[in-house]
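Right, one structure below, let's go through it.
The values are calculated or read from the model by the stated rules, or taken from the named source; none is laboratory data. Keep in mind the model is a prediction, meaning the values are calculated, not measured. Every residue, glycine as well, gets a Cβ built from its backbone with ideal geometry; the counts of neighbours run over all protein chains shown. SASA here: full protein model, heavy atoms, side chains in, ligands and nucleic acids out. Shrake-Rupley method; radii C 1.70, N 1.55, O 1.52, S 1.80 Å.
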Amino acid sequence: MTTPESFANERSAAIEFTATPWGYTKLWLVNMLLTLATLGIYGAWAKVRNNQYLYGHTSIEDNRLQYLATPKQILLGRLLALGVFLIFVGVSMVEPIAAGIMYLALIPLSPWLIVQGLKFTYRNTAYRNVRFDFKGDYMGALYHFIVLPLVAAVTLYLALPWVIKKIHQFMFGNCEYGGEKLQLNTSTGQYYKAALVVFLVSIIAFILIASSMAGTLTTMQGSEAPNPLSFLPIILVMYFFSFLVQSVFNAMIRNHIAESLKADELVRFESRITVAGYLGITLLNAVLILFTLGLAFPAAKVIKMRYIASKTTVFLTPRIDHMANQVEGKESAFGEEAAGMFDTDLSIV
Amino acid sequence: MQRITGKYCMAGRSDTRPAILLLRDDGSLRVLATDFDYELTSTTLKECRQGDILPGIPVELHFDSGDYFIPEDPDLRWTPRSGFLAYLESHMVMVLAAALLVPLSFWLMFTQVIPAGAKATAPLVPQEVLNRVGRSSMKTLDYSLEPSTLAQYEQASIIKDWNKAAEKAGLDNDYRILFRSAIAPNAFALPDGTIVVFDELVNILSRDELIAVLFHEAGHVDRRHGAQMMVQASAGAIVYGLLLGDLEGLSEVVLGTGISLGENAFSRTMETDADDFAVEHLKAAGMSPDLLASALNSLPGSERETNSWREYLSTHPERKTRTERIESASD
């Protein structure tokens, strides 16, 4: 792994993450209760408060990150997205063929939604009063989120590591802070190395799943039409392994991304996540969530963020003390909320 | 007079200055830069806007210029009765109540409120919509079903027997019986009144047992179970989208599983409903309700022992529960 070049007058800073699992759980639970009591309306306020808490408890050099979206923006975006979503649900029940056409129409629309969603998220994130910005455009999103995944499929996923690298470059390389563009100089080799490890883990997973599948099929012999839910144990095992595989990949790639990300003479990062550590946190969280029927979701989120923050170092130059904000944060939350509603959130990193 | 140490931030700039805010009892205030002791701003508390209050995070004080002051102390409050939300969010009773009420409300929402709402609103779904749904579902299903291999006269005689029984039971008969072939013996109803019977079912049941099954399927149509399922699915999607859109990863899987268990419970009550409908109409047609029980028992897998926990995973109640219920009704 290449050590990133350091800047001449840089100073190093830890990322201090002061949120506590219990503190966030309290906030999250009460907000969820208020959301339920208001039939979902309060959800927009809950989202803002949850993010304000998590961002506000993340500080670098005693300056806290800021989440600047307003509940009204989110509520409007959410209602609009809900309307579109309901039309989809309604149409696909009454006319499956028309629904098929609508889903096809969604394909050219989705890059626009992705760009809008990223813009909303970036622009409502600020550090020291200066908002981030996303500079990717429609064609870029079309290429990275529609064309490249097709390329990956056509090459029997041999090109997938490269495609993921390109997507990461699109998402991070189009980030601007105070007019300074970030660059992500990741190497394709690192992605293939991570993919190879993932491939080996997957083979083990496949053998395990195949053997348990054989077991289930034997017990089902002679019974009536197979009940989809009798596949539940297998589905759970598959989820488990997909989490395992994902976290191995994430742990390996996260360090590489952090060390390849920089804005010239302004900021660079170092990340010391270990596969074992990251995997341990992921498994701990999975157990917590399963045994609390999902109630430990907020605690799990804090535990994971705390681990990542503790392993990351930021290097800043004195230029950070004199940056000027370049963007407003007034755009609609429709893209982001639609992404959540249609479950196409970008949770790649 | 209060001396509050903190940091002065300038609108739209990353520049910050260590500062002291001097707050008088009358609400007037001055902010001084600590390093050179010059005045950064002076105003009154009334003209300022305070930031949101979150546990463990200092509350900002925003000035007209867009600049703001962040105190060092995260517990400092600018007005005495501020922070109702923060109070709720950190108050033990509220948190415990939420920990109990949140899962309970979700459970009630998906097992009681939505099904009851679906039941209540199902009659409001226009018949024209149900007819369209039925037609287009049949079109879609026909891609995966084989045409029936039953002889024409046999199909006609089943329909004739059904019509006779339905008339005797006083059933408004606008059902359309279709025959198809598939891998398993089964029958299902569509909301427009179409009942599809698989050859495999016709082959293993007696004629009277088959009529009993048709009454059960007619029950699904008559009680508008299709419309109920449509309303339930849409309502479930809205609730899920609005309340749980922020969840990700494993939590989504866990909750999704919980919700489908709740939906299965709803589906089981519809099966019981349809059984009751069939029993009632079999009696009215002068036939034995036991026919439905024996039809159920003729389906493959009936020798399997009852596992009560399995029932929660299933869309149909356990066969033993169903036959016992039917038999008790026939006495």
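Conditions (1) within 25 Å of the chain's Cα centre (by Cα); (2) in contact (Cβ under 8 Å) with a residue 12 or more places away in the chain; (3) surrounded by 19 or more Cβ atoms within 10 Å (Cβ to Cβ), marked per residue:
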| residue | (1), (2), (3) |
| --- | --- |
| B:Ala116 | yes, no, no |
| B:Lys119 | yes, yes, yes |
| B:Leu130 | yes, yes, yes |
| B:Lys139 | no, no, no |
| B:Leu145 | no, yes, no |
| B:Asp161 | no, yes, no |
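Candidates in the range B:163-194 are the residues that are closer than 23 Å to B:Ala227 by Cβ and either assigned to a helix (DSSP H, G or I) or within 14 Å of chain A (Cβ to nearest Cβ) (or both); of these, the one that is farthest from the chain's Cα centre (by Cα) is B:Ala166. Report yes if some residue within the range B:94-108 is part of a helix (DSSP H, G or I) and touching a residue at least 12 places away in the same chain (Cβ under 8 Å); otherwise report no. There is at least one residue in the range B:94-108 that is part of a helix (DSSP H, G or I) and touching a residue at least 12 places away in the same chain (Cβ under 8 Å).
Please indicate, with yes or no, whether at least one residue in the range B:44-61 is touching a Cys at 6+ places or on another chain (Cβ under 8 Å), in a strand (DSSP E or B) and of a type outside the set (A, V, I, L, M, F, W, C). No, that holds for no residue. Could you grab me the full set of residues in the range A:95-149 that are open to solvent by less than 30 Å² (accessible area, probe 1.4 Å), assigned to a strand (DSSP E or B) and touching a Gly at 6+ places or on another chain (Cβ under 7 Å)? Within the range A:95-149, A:Val130 is the sole residue that qualifies. Considering only residues that are away from chain A (no Cβ under 14 Å) and surrounded by 17 or more Cβ atoms within 10 Å (Cβ to Cβ), which ones fall in the range B:6-31? Hits for the range B:6-31 are B:Ile20, B:Leu21, B:Leu23, B:Leu29, B:Val31. Once the range A:322-335 is narrowed to residues that are out of contact with any Lys or Arg (no Cβ under 8 Å at 6 or more places or on another chain) and at pLDDT 75 or above, the residue that is most open to solvent (accessible area, probe 1.4 Å) is A:Ser332. Filtering B:Asp37, B:Asp73, B:Asp67 for residues that are of a type outside the set (Ser, Thr, Tyr) and at pLDDT below 90 leaves a single hit, B:Asp37. Screening A:Leu39, A:Leu86, A:Leu80, A:Leu54 for residues that are more than 30 Å from A:His256 (Cα to Cα) and in contact (Cβ under 8 Å) with a residue 40 or more places away in the chain leaves exactly one candidate, A:Leu80.
Checked against (1) farther than 26 Å from A:Glu337 by Cα; (2) open to solvent by less than 50 Å² (accessible area, probe 1.4 Å), A:Gln183 passes all but condition (2). The set of residues from the range B:50-77 being open to solvent by 30 Å² or more (accessible area, probe 1.4 Å), within 13 Å of another protein chain (Cβ to nearest Cβ) and over 17 Å from B:Thr5 (Cα atoms) comprises B:Asp52, B:Pro55, B:Ser65, B:Gly66.
For every residue, the table says whether it meets (1) part of a helix (DSSP H, G or I); (2) at pLDDT below 90; (3) within 14 Å of another protein chain (Cβ to nearest Cβ).
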site	(1), (2), (3)
B:His220	yes, no, no
B:Gly236	yes, yes, yes
B:Leu247	no, yes, yes
B:Gly256	yes, yes, yes
B:Ser267	yes, yes, yes
B:Phe277	yes, no, no
B:Gly286	no, no, no
B:Thr315	no, yes, yes
B:Glu327	yes, yes, no
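Checking A:Trp28, A:Trp45, A:Trp22 one by one, the residue that is more than 8 Å from chain B (Cβ to nearest Cβ), open to solvent by 60 Å² or more (accessible area, probe 1.4 Å) and in contact with a Pro (Cβ under 6 Å, 6 or more places away or on another chain) is A:Trp45 and no other.
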